[in-house]
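Novice: My questions will all concern the structure given below.
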Amino acid sequence: MGRVADRVCLVTGAARGIGRAIGEALLAEGAKVCFADIDGQGVAAVAEESRASHGANATHAALDVTDRTQVRAAIAHTVGTFGRLDVKFNNAGVNKPRNFMDVDEANWNFIMGVNGLGCLIGMQEAARQMIAQGPGPEGVAGKIVNTASIASRQGFDNVAPYCASKFAVVSLTQSGARDLAKHGITVTGFAPGVVRTEMWEQVDQDLMEIGAAERPGQAMEEFSADILKGRVALPRDITGTTTYLASRDSDYMTGQIVMIDGGMTLV
């Protein structure tokens with residue numbers, strides 16, 4: 001049996017990158033997983049591929065994490081399919097680099113909406129379901145896991161709204177942990193560093209467009225120059241920790257953010 005055998009998990013931002021890797025790792029350890037993403041076609045394809053390997057343990061939902069009605073519907077679909085919700089990963093996130101003096105209201109609201117408000121809504125709606133279910137035999141009603149970032153520990157000049165949004169994720173994790181402990185719900189998070197994903201490829205392109213980088217790959221090279229492990233991460237480097245946070249092994253842990261950045265930021 002795997003570390004998360006029969007645990008029901010919902011992962012947002014799961015059509016690609018870290019979110020997809022989280023869901024696939026959970027399935028490999030025996031979980032039942034709803035892959036959720038605003039890219040409905042993409043996440044449906046991911047779930048279909050997963051069902052080929054894991055049968056009925058994978059499903060999917062299309063949702064915009066800033067729309068509370070859609071979040072509730074995705075949770076209802078998960079519960080309707082698998083019977084309950086044990087773990088909610090608030091992983092969906094966006095970035096759109098701008099030079100600091102060029103950040104405007106639209107850029108700020110877009111990033112803070114998905115990364116900040118989307119995390120809050122996801123936590124609240126997951127908690128409502130977990131409270132209604134009541135605690136399991138180990139006294140834990142559920143687990144909420146949020147995706148932070150190295151950008152939650154320091155500000156960078158070309159991605160100020162993204163940094164602010166990830167600082168917000170840390171704060172929401174701490175606030176949620178304090179409030180939900182009485183219900184038997186733990187709230188934790190993890191902070192990746194430089195991970196080779198589609199998002200980083202887009203960020204690389206965006207930084208060139210605003211004049212912050214001169215050639216493809218420059219941004220990743222510069223951001224990763226001080227990684228003690230000597231290389232950028234792949235999504236699979238993250239999933240050992242995320243599966244742990246979903247498992248019973250982390251039941252006594254709450255309010256904490258685990259850095260998974262290869263030693264890039266020492267805090």
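The values are calculated or read from the model by the stated rules, or taken from the named source; none is laboratory data. Since the structure is predicted, the reported quantities are computational estimates derived from the model, not experimental observations. All Cβ positions, glycine included, derive from the backbone under ideal geometry; neighbour counts span all protein chains shown.
Novice: With 6, 37, 64 as the choices, which residue is in contact (Cβ under 8 Å) with a residue 12 or more places away in the chain, buried (at least 22 other Cβ atoms within 10 Å of the Cβ) and acidic (Asp, Glu)?
Specialist: 37
Novice: With respect to residue 193, is the statement that it is crowded, with 19+ Cβ neighbours inside 10 Å, within 17 Å of residue 147 (Cβ to Cβ) and not polar (S, T, N, Q) true?
Specialist: yes
Novice: If you check residue 74 against the conditions, is it more than 30 Å from residue 211 (Cβ to Cβ), touching a residue at least 60 places away in the same chain (Cβ under 8 Å) and of a type in the set (A, V, I, L, M, F, W, C)?
Specialist: yes
Novice: What are the pairs with Cβ atoms under 7 angstrom where one residue, in the stretch 145-167, is closer than 26 Å to residue 9 by Cβ and the other, located anywhere, is buried (at least 21 other Cβ atoms within 10 Å of the Cβ) and of a type in the set (Lys, Arg)? Sequence gap at least six, or different chains.
Specialist: 148/166; 149/166; 151/166; 152/166
Novice: Tell me, which helices (runs of 4 or more DSSP H) lie completely within the stretch 31-122 with 1 or more residues that are under 23 Å from residue 245 (Cα atoms)?
Specialist: Result: 40-54, 68-82.
Novice: To continue, here is another question. Checking residue 177 against (1) more than 16 Å from the chain's Cα centre (by Cα); (2) small (Gly, Ala, Ser); (3) within 16 Å of residue 192 (Cα to Cα), which test does it fail?
Specialist: Single failed check for residue 177: (3).
Novice: Which condition number does residue 6 fail, the rest of (1) of a type in the set (Asp, Glu); (2) modelled with pLDDT of 95 or more; (3) in a loop (DSSP other than H, G, I, E, B) being met?
Specialist: (2)
Novice: While we're here: Pick from the stretch 168-205 the residues that are in contact with a helix residue (DSSP H, G or I) (Cβ under 9 Å, 6 or more places away or on another chain), touching a residue at least 12 places away in the same chain (Cβ under 8 Å) and charged (D, E, K, R): which of them is nearest to residue 245 (Cα to Cα)?
Specialist: Top of the filtered list is 196.
Novice: Please determine whether any residue of the stretch 198-209 is touching a strand residue (DSSP E or B) at 6+ places or on another chain (Cβ under 6 Å), under 19 Å from residue 150 (Cα atoms) and polar (S, T, N, Q).
Specialist: No, the stretch 198-209 contains no residue that is touching a strand residue (DSSP E or B) at 6+ places or on another chain (Cβ under 6 Å), under 19 Å from residue 150 (Cα atoms) and polar (S, T, N, Q).
Novice: Which of (1) touching a residue at least 60 places away in the same chain (Cβ under 8 Å); (2) closer than 30 Å to residue 175 by Cα does residue 233 not meet, given it meets every other one?
Specialist: That leaves (1) as the condition not met.
Novice: Within the stretch 153-165, can one find any residue that is part of a helix (DSSP H, G or I) and of a type in the set (Val, Ile, Thr)?
Specialist: There is no residue in the stretch 153-165 that is part of a helix (DSSP H, G or I) and of a type in the set (Val, Ile, Thr).
Novice: If residue 262 satisfies every condition in (1) surrounded by fewer than 19 Cβ atoms within 10 Å (Cβ to Cβ); (2) of a type in the set (Gly, Ala, Ser); (3) under 20 Å from residue 163 (Cα atoms); (4) at pLDDT below 95 but one, which is the exception?
Specialist: (1)
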